[in-house]
Structure formats: C-alpha cells, structure tokens
Amino acid sequence: MKISILSRGDELSTQILETFTEQATSLGMTVDDESPEFVISIGGDGTMLHAFHKYIDRLEDIAFIGIHTGHLGFYADWQVDEVGQLLQLLREINEPGEEKKKVKYPLVQVDVTVAGVTTRHLALNECTLRGLDTTMVAEIHMNDELFEMFRGDGVCVSTPSGSTAYNRSLGGALLHPTLEAIQIAEMASINNRVYRTIGSPVVLPKHHHCDIYPRARQNMSVTIDHLQYRYDDVESIRVQVSDVKVRFARLRPFPYWKRVREAFIGHDVH
C-alpha cells in the first residue's frame with residue numbers, strides 16, 4: 001500500500017506525522033508522494049484542502065483520510081490518540097469487499113472564459129466570485145435562460161461538503177455531502193427597481209448549470225477553496241456539478257449529522 005502524508009506544520013501535527021510514518025512503514029506501507037493510493041492529512045480542514053489541490057489531477061486514484069490536531073474538522077475523522085486504530089483499519093481496506101468504505105463526494109466545476117479561452121477549476125468546498133474594482137454586476141442564467149440581474153458583493157457557489165463553511169455564514173442550507181448538487185448563495189445583493197434577485201440560496205442538481213455574465217467584462221476575483229485568482233475582462237463563468245468526485249476512506253461509522261451537531265451545537269443536547 002502506497003501512502004502520502006501531509007502535515008499542517010505545527011509541533012503536534014509534525015509529531016503525529018513522524019509517529020504515523022514510523023508505524024506505517026513498520027506495517028509494510030510505502031510512503032510515495034508521487035503516486036499514493038491514500039493521502040493522510042494531519043491538521044484541520046485547511047490542510048485537507050491543500051492535500052486535495054496537490055493531488056487534484058489524480059482524484060480517481062486516491063482516497064483521502066484526515067487526522068485532526070485542533071478542533072473537529074468536517075474532513076477529519078480521526079483524533080491524535082487513534083493513530084494505531086486507523087493504521088489497523090487502513091491495512092484491511094484493500095481486502096475484498098472493503099471498497100465500500102470509500103465514499104465519494106461531488107465537486108463544483110468552475111469554467112472561467114476570458115478572450116475566448118476557458119480555464120477550468122474544481123473546488124472541494126466552494127468558489128466565490130467578486131468584482132475587483134466595483135460591485136459585481138452580472139446577468140445570472142440558469143440552464144441558458146435569464147434568471148436574474150445581480151448587483152452586490154458577489155456570489156458563493158458551494159459543494160454539499162462545503163455547505164457548512166462560507167455558505168453557512170451567508171444563510172445557505174446544510175446539504176448532506178453525498179447529494180449531487182451545488183448551492184449558490186448571494187453575498188450582500190442590492191435590490192431595487194433595476195436589479196432584482198431571488199434573495200435566497202439556490203440549489204442546482206447535477207446536469208443543471210448556471211452561467212454568470214459580468215457587465216462590461218468586469219475584472220473579477222475568483223477564489224477556489226483557499227486559492228485566489230484574478231481574471232480581467234471576464235466574458236462568462238459557468239458553475240455546475242463536476243463529473244469528477246473526491247473519495248474519502250470512511251473506515252468507521254461517523255454520521256454526518258452527528259458531525260454537524262458536535263461542530264455547531266455541542267456534545268450535550270437536552
């Protein structure tokens with residue numbers, strides 16, 4: 001079994017990386033940063049985002065596993081005192097019948113077109129679109145039909161697994177991460193007689209798409225998870241559910257709604 005291990009870089013995460021590496025190699029696993037079968041992220045959700053983008057060209061061949069060394073992360077199932085248990089279960093995952101322990105989550109595909117050239121991005125959490133020099137002004141089309149005229153700070157397009165992040169702070173719904181959908185939430189929209197928006201988040205299923213046409217080929221800031229890009233004279237931006245999925249090794253039960261409750265409400269519910 002070939003693994004790659006990424007650490008947040010703080011003292012505790014580095015210590016866990018060293019421990020994990022030592023125990024994994026003693027069990028016959030090989031550390032291979034070029035073509036791993038499993039990528040171990042040690043840190044928080046930010047570390048997992050870095051791991052995802054590092055291996056974004058090999059998503060079909062990799063399953064991710066998270067060990068959290070801070071507060072509970074949505075992509076991290078394991079605590080620092082469970083490394084031994086994790087390694088034992090990891091040894092068994094490639095046995096017959098164990099493939100079901102790898103879950104697949106949808107991603108958002110973002111196609112940015114400038115001067116007739118389209119650049120494609122994939123996001124694990126979300127994509128945000130903002131005007132750089134002025135407020136963002138754009139036509140929003142759903143499945144090639146004009147839906148609304150938007151003016152405001154921008155829009156956030158999240159995956160179901162990213163719905164608990166920035167999308168939630170914008171009033172978006174929490175979606176179960178296995179749903180094949182994306183969610184579009186407004187960022188401080190301005191509504192008057194000229195510009196009218198729906199005013200609530202919109203959920204699009206797979207095979208639907210949303211096209212955003214900035215007014216006067218506006219200069220845009222486009223963030224893809226933790227990465228930021230500047231695009232000048234943008235012609236259009238299309239967002240939709242990607243055909244590509246990310247895989248996580250779910251080696252033991254960890255119900256999603258339990259994870260949500262512990263993150264936002266706490267352990268004790270009366």
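So if I restrict to the alpha-carbon atoms in the chain, what is the Rg, and what is Dmax, the biggest pairwise distance, in Å?
20.2, 68
Stretched out fully, how many nm does the piece from GLU34 to TYR229 gain, at 0.36 nm a residue minus the Cα gap?
Length gained between GLU34 and TYR229: 67.6 nm.
Work out the FRET efficiency for ASP153 and ILE265 from their Cβ-Cβ distance, taking R0 = 25 Å, and round it to the nearest 0.05.
Given R0 = 25 Å and the Cβ-Cβ separation, E is 0.30.
Hey, any idea what % of the chain's accessible area is carbon plus sulfur with a 1.4 Å probe?
Using a 1.4 Å probe with all protein chains present, the chain comes out at 49 percent carbon and sulfur.
How big is the convex hull of the Cα atoms of region 138-229, per residue, in Å³?
Value for region 138-229: 102 Å³ per residue.
Positive end of the charge dipole of the chain (Lys, Arg +1 and Asp, Glu -1 on Cβ, about the Cα centre): tell me which of LEU89, VAL246, VAL194 has its Cα farthest that way.
The residue sitting farthest along the positive end of the dipole is VAL194.
Skip the ligands, DNA and RNA, and give the accessible area per residue of the chain with a 1.4 Å probe, whole Å².
I get 47 Å² per residue for this part.
Rounded to the nearest 10 degrees, what's the angle between the helix 45-54 long axis and the longest principal axis of the chain, both from Cα atoms, 0 to 90?
The helix 45-54 is inclined about 80 degrees to the chain.
So what's the back-of-envelope 222 nm ellipticity for the chain, counting only DSSP H runs of four-plus at -39500 (n - 2.57) apiece and dividing by all residues, rounded to 500?
Value at 222 nm, helices only: -5500 deg cm²/dmol.
Using a cut-off of 12 Å between alpha-carbon atoms, which aspartates and glutamates can reach LYS206, once sequence neighbours fewer than 8 places away in the same chain are excluded?
GLU180, ASP243
Would you please state the base-10 log of I(q)/I(0) at q = 0.11 1/Å for region 1-148, with intensities from the Debye formula using one equal scatterer on every alpha carbon?
Evaluating at q = 0.11 Å⁻¹ gives log10 I(q)/I(0) of -0.54.
The values are calculated or read from the model by the stated rules, or taken from the named source; none is laboratory data. The structure presented is a predicted model; accordingly, all values stated were derived computationally and were not measured. For neighbour counting, all protein chains shown are included, and Cβ atoms are generated from backbone atoms with ideal geometry for every residue, glycine included. The accessibility values were calculated without ligands, DNA or RNA, using every heavy atom of the protein model including side chains. Shrake-Rupley method; radii C 1.70, N 1.55, O 1.52, S 1.80 Å.
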